[in-house]
Each structure stands twice: as C-alpha cells, then as structure tokens.
1. Looking for whichever is modelled with pLDDT of 95 or more, hydroxyl-bearing (Ser, Thr, Tyr) and out of contact with any Ser or Thr (no Cβ under 9 Å at 6 or more places or on another chain) here; the options are 43, 22. Which one fits?
2. With respect to residue 44, determine if the residue is closer than 20 Å to residue 95 by Cβ and under 24 Å from the mean Cα position of the chain (by Cα).
3. Working only within segment 56-79, note down all residues that are crowded, with 16+ Cβ neighbours inside 10 Å, farther than 18 Å from residue 89 by Cβ and either out of contact with any Leu (no Cβ under 9 Å at 6 or more places or on another chain) or not hydroxyl-bearing (Ser, Thr, Tyr) (or both).
4. Residue 15 is checked against (1) exposed (fewer than 14 other Cβ atoms within 10 Å of the Cβ); (2) touching a Gly at 6+ places or on another chain (Cβ under 6 Å) and fails just one. What number does that condition carry?
Amino acid sequence: MFGDLMGMMGKLKETQQKVEETKKRLDTVLVDEQSNDGKIKVTLTANRKIKAIEVDQSLLEDKEELEDYLILTLNKAIDKATKINEAELGAVAKDGMPDIPGMDMFK
C-alpha cells in the first residue's frame, strides 16, 4: 500500500515540475491580435503578459475611440492566450495524474 502511495506522490511531484516547466515555456509563446481594421495590434504571452501594443496614428486624436479599441482588442487577445494556456496546462496535468480508483474526473 505504501509503495503505491510513494509511487503516486512521485508521479504528482513529477507532474508539478512539468507544470512549472510548461508555465515557463508559455512565457515564450506569443499571441498576436489586432482590431478588425488593423488600427490596434497587441502581442501577449500565453501567460497573458502584454509584450507590445501598436496604435495607428489616427486613433491618437480620439481618446474614447482609442480606449474602446484597446479594450476590445486586448480582450480578444486575452481570450486567445487563456485558451492556449488552459489547453497546455490541462494536458500536462491530465497526463500526470496517477490512476486513483474512483478519481476519474480527468479522463
């Protein structure tokens, strides 16, 4: 019984390490998004950290329009990055879960 428990603990520790490695790798995965007309372009990491924002000169004349563009475009980029992040981390976590009877929620 304790051998099984020790094996499971080892597997969980290994999975935790893989999750941390995946998080670090996701800092290098870039997600690009732009407004429909291309006036705003943003780049985020898959960990949802903003790396770059490009703003068309024409938007600098209207503060409210610029704010609206930023909100819409950033939200689209964050949604994309979140999907990538959750898929990657979910795959690592699911793959690393030990087989515990009655705990098949990840399958």
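The values are calculated or read from the model by the stated rules, or taken from the named source; none is laboratory data. Bear in mind that the values here come from a model prediction, so they are computed numbers and not experimental data. With ideal geometry, Cβ positions are generated from the backbone for all residues, glycine too; neighbour counts draw on all protein chains shown.
1. Values: 22 fails: modelled with pLDDT of 95 or more.
Going through 43, 22 in turn, just one is modelled with pLDDT of 95 or more, hydroxyl-bearing (Ser, Thr, Tyr) and out of contact with any Ser or Thr (no Cβ under 9 Å at 6 or more places or on another chain): 43.
2. Considered against the rule, which asks whether it is closer than 20 Å to residue 95 by Cβ and under 24 Å from the mean Cα position of the chain (by Cα), residue 44 comes out as no.
3. Here is the first cut: in segment 56-79, the residues crowded, with 16+ Cβ neighbours inside 10 Å are 59, 66, 69-70, 73-74, 76-78.
This time we only want the ones that are farther than 18 Å from residue 89 by Cβ, so: 59, 66, 69-70, 73-74, 76-77.
Residues satisfying the conditions are 59, 66, 70, 73, 74, 76, 77.
4. Residue 15 satisfies all of (1) exposed (fewer than 14 other Cβ atoms within 10 Å of the Cβ); (2) touching a Gly at 6+ places or on another chain (Cβ under 6 Å) except (1).
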